[in-house]
Amino acid sequence: MAASTLGSAWGPLRLGVPGLCSRRPPQGLWIRARRLPEPAGSGRSVAAASGPGASGTDRYCLELLRKRDYEGYLCSLLLPAESRGSAFALRAFNVELAQVKDSVSEKTIGLMRMQFWKKTVDDIYCDNPPHQPVAIELWKAVRRHNLTKRWLMKIIDEREKNLDDKPYRNIQELEDYGENTQSSLLYLTLEILGIKDLHADHAASHIGKAQGIVTCLRATPYHGSRRRVFLPMDVCVLHGVSQEDFLRKSQDKNVRDVVYDVASQAHLHLKHARSFHKSVPVKAFPAFLQTVALEDYLKKIQKVDFDIFHPSLQQKNALLPLSLYIQSWRKRY
């Protein structure tokens, strides 16, 4: 089976929090960590995260993240207080773009929405944002941190290109998608944190690519339910697997080998990102906390021998907030 070779191909996975049982965090940390994920109907954590002067546009971005990008929401909560609001705005902007594809019935409508966001970004840099909550908060972030317009436009352009509903021709195309969306998001987050560092940029590039790959894997069951397959065609051809194999949820070894190869590439990018660990400024580490969620998924898929349709892969990790908090406290990524 594919998983039997995992140890030799990936080496020992450093998933979760290493040494957790041998080193206890300070007293009270467990209690504070458990408070991170408030129930969906509660506004308590929103008020706390926003601060006493929170506006309606702040709360809109927070709620959008909690509903559509919960992992990103948790990671943003662990950023320094002075950077948190801008990070929420940035991630809310990404969510707005990401949900265009699934919310429109025709590509033309999707293109119109992308054009709206292109004009919105242009207007933001002219200090004339439209009266839209995410646009207003993004404008505040741009003014506060002098964010680079190019990265925002790259995210829009790549999301627009992705409206075509075509599978990735090869793993390189999937990595490019991760670079232009997730890595661009990380470059902007580093700017919010006031970090200009080549090593941090290299780490962000690899983490963004890993995020793009893992997102593609995680979304495969959902896309299959809509009769779509986006996994790289070159990897599928290499193992003699057709799109129909994924649509009928085949558990054949060849299908698992495709998943193994794609997941291995994500693992490789995480490994490369960590190779810069000693060179990356510690101040940048909070921007990279999403590696905790990426590793959690890779660990789960390894446990089920790369059966991408296994029900356990669709379950939320209740301990993720705690793992994120401890990783933040230990200043690791």
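The values are calculated or read from the model by the stated rules, or taken from the named source; none is laboratory data. Treat the numbers as computed from the prediction; the structure is a model and nothing was measured. Using ideal geometry, Cβ is built from the backbone for each residue, glycine included, and neighbour counts are taken over all protein chains shown. The protein model used for the area step is the full one, side chains on, heavy atoms only, and it has no ligands, DNA or RNA in it. Shrake-Rupley method; radii C 1.70, N 1.55, O 1.52, S 1.80 Å.
Results, tabulated for the structure shown:
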quantity	calculated
Close pairs from the range 92-116: first within 18 Å of CYS61 (Cα to Cα), partner open to solvent by 60 Å² or more (accessible area, probe 1.4 Å), Cβ under 8 Å, at least 6 apart	ALA92/TYR60; VAL95/ARG68; ALA98/ARG68; GLN99/ARG68; VAL100/ARG113
Enumeration of residues in the range 193-211 that are more than 20 Å from LYS278 (Cα to Cα) and either surrounded by fewer than 24 Cβ atoms within 10 Å (Cβ to Cβ) or among the polar types (S, T, N, Q) (or both)	GLN211
Positions within the range 100-111 being open to solvent by 60 Å² or more (accessible area, probe 1.4 Å) and under 25 Å from LEU147 (Cβ atoms), in sequence order	LEU111
Out of LYS283, LYS278, sole residue that is over 18 Å from SER183 (Cβ atoms), open to solvent by 40 Å² or more (accessible area, probe 1.4 Å) and in contact (Cβ under 8 Å) with a residue 60 or more places away in the chain	LYS283
THR181 being open to solvent by less than 10 Å² (accessible area, probe 1.4 Å), farther than 16 Å from PHE230 by Cβ and modelled with pLDDT of 95 or more	no
Pick from the range 286-323, criterion among the β-branched types (Val, Ile, Thr) and closer than 20 Å to SER250 by Cβ, ranking: surrounded by the most Cβ atoms within 10 Å (Cβ to Cβ)	ILE301
Test: GLN172 is closer than 25 Å to ALA273 by Cα and free of Cβ contacts under 8 Å to residues at least 24 places away in the same chain	yes
Selection within the range 229-275 - open to solvent by less than 20 Å² (accessible area, probe 1.4 Å) and out of contact with any helix residue (DSSP H, G or I) (no Cβ under 8 Å at 6 or more places or on another chain)	SER250
